[in-house]
1. Take the residues of segment 33-58 that are crowded, with 21+ Cβ neighbours inside 10 Å and in contact with a helix residue (DSSP H, G or I) (Cβ under 7 Å, 6 or more places away or on another chain): which is farthest from residue 282 (Cα to Cα)?
2. Return yes or no: is residue 267 at pLDDT below 90 and in the same structural domain as residue 191 (by TED's automatic domain parsing)?
3. When you go through (1) exposed (fewer than 13 other Cβ atoms within 10 Å of the Cβ); (2) closer than 17 Å to residue 440 by Cβ one by one for residue 403, which number turns out not to apply?
4. For segment 32-58, which residues satisfy the criterion of being modelled with pLDDT under 95 and farther than 19 Å from residue 85 by Cα?
5. Here are some residues: 82, 96. Which one is in the same structural domain as residue 24 (by TED's automatic domain parsing), modelled with pLDDT of 95 or more, in contact with a helix residue (DSSP H, G or I) (Cβ under 9 Å, 6 or more places away or on another chain) and closer than 20 Å to residue 11 by Cβ?
6. Can you tell me which residue in segment 101-118 is surrounded by the fewest Cβ atoms within 10 Å (Cβ to Cβ), limited to those that are touching a helix residue (DSSP H, G or I) at 6+ places or on another chain (Cβ under 9 Å) and in a loop (DSSP other than H, G, I, E, B)?
7. Go through the residues of segment 345-355 one by one and say whether even a single one is surrounded by fewer than 20 Cβ atoms within 10 Å (Cβ to Cβ), in the same structural domain as residue 401 (by TED's automatic domain parsing) and over 29 Å from residue 387 (Cβ atoms).
C-alpha cells in the first residue's frame, strides 16, 4: 500500500521552480518516511536515479566525495558504475540519504548544483547540530523542507476517506456545525488517529490490521530506535537527553505543562540541560513550545527560552511512551481515548495532538503564561498563540464538559487590540459562543 503524502506536491513545485538551480533538503525525524517519499518521487519524476544511503554506504563512497570530487566527469562516471545506473543530463536525480553522516557530501552540493547536470535531493535528521556542520561551508543552494508524521487528512487518505476534509474545510470557513452524525463519525476517526499517530509504519499497520496491539509494537520499535540514536549521537550528554525524553508524559500530565527540570533533580538548571532540549528539538522528536511574554505578531522576539513545554512530535508515540514499562493490554489510554473518558491528566493527549497539527502547518509553537498571586486579573495561561495575518489568535484546548474560560477572557481583555479570532478546541461540534469560535479538535488542522 502506498501512502499519499502532501509533501509530494511541494517537491513537484521545487522541481519545476528550481530547474536545477537548487538542491532540495528534506529534514525530519527518523521514520517519518523521508527516504520512501524521495524514492517514490525519483521513480515517478525522473528517467533514472541513484540513492546514496550515507548511514550504510561502503567506505568507497565517502572516499569518492572526499578525494575525487575535483574532476566531476570522473566523479559521476565512478558513481554511475558503482550503482550500475546510467545518469542522464537534466533527467536524473541523485539522492543523498542521511546526508548529515557525510558533511563533505553536503558541502559539495554548491559545486554539483553549479555543474547543472543533475538534480539533487538530500534527506537528514539532526542536520542543524554543530557537530554535523563542523568544518564545512553550508551551501546556500539548498531549499529546505520539513517533513512531519502524517497529519489527520493523510491518515484519512490511508484509511480510504478522501471526501471528509474538503467538507470540514467548508464548515470551518463558514463556522457552520457539521451536525451530530457526521461530527461523531469524524471525531471517532480522529480518536483513532490520536492513538495510532502519524508514523508511516504505524499507519500502514493500522490500515492493514485495525489492531492497536500490533500498532503499539510498531511504535515501540520506533521509540527504541530513537533511544539508540540518543546513545549514538548525543555523546557526552545522553543521560540528560534520556531523562528529559522519559519525563515528557509526566510533565504533560500535569495541569501546568511547562517542563520543570526540578522533577529530574533538585539542582538541575536549564543551562546544564539546554543542549539536551536542543538535541531533541533538532532531531524533531519533540515539538518545543515557548512562552511568548508579550504576545505581538513577532512572537519570536518575546520568547522566554527558559519556560517551555515539550510535546512529543507524534502523539501516537506519546501514547506508547506513557505506558512504556507496561504491556499493551495495560495501556489505559487506548480505552480512555476511544470511549471519550479522558480525565484531566489524560487531556495531555489532545493538547499534544493540537501541537502536532500546528507544527504540520509550519507554525512555531508559543503559549502565554503569567503568574501573579497578588493581582488575579494578571494570572493567566493560554495553551497556544497562533499568528494569523497581522493578528494573534489565542487557542485553548478544553475537555468536552469544560465550564469556564477565565484565562481566555482575561487575555482578550488585556490584549484586545492585537487579537484576531479566539478559539476553543474541544470534542463538540462547531459553535460561536461568547465571541469565541468553538471548534472540534480535528479542525486544528485549519489554523
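The values are calculated or read from the model by the stated rules, or taken from the named source; none is laboratory data. Because the structure is predicted, anything quoted here is derived from the model rather than measured. So basically every Cβ, Gly included, is an ideal-geometry build from the backbone, and we count neighbours across all protein chains shown.
1. Checked segment 33-58; the qualifying residue farthest from residue 282 (Cα to Cα) is 49.
2. On the way: at pLDDT below 90: yes; in the same structural domain as residue 191 (by TED's automatic domain parsing): yes.
Here the answer is yes, as residue 267 does meet what is asked.
3. (2)
4. 55
5. Numbers: 82 fails: closer than 20 Å to residue 11 by Cβ.
Going through 82, 96 in turn, just one is in the same structural domain as residue 24 (by TED's automatic domain parsing), modelled with pLDDT of 95 or more, in contact with a helix residue (DSSP H, G or I) (Cβ under 9 Å, 6 or more places away or on another chain) and closer than 20 Å to residue 11 by Cβ: 96.
6. My answer is 117.
7. Yes, the conditions are met somewhere in segment 345-355.
Conditions tested, residue by residue: (1) touching a strand residue (DSSP E or B) at 6+ places or on another chain (Cβ under 7 Å); (2) closer than 18 Å to residue 441 by Cα; (3) surrounded by fewer than 18 Cβ atoms within 10 Å (Cβ to Cβ); (4) outside the structural domain of residue 191 (by TED's automatic domain parsing).
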residue	(1), (2), (3), (4)
322	no, no, no, no
326	no, no, yes, no
330	no, no, yes, no
341	no, yes, yes, no
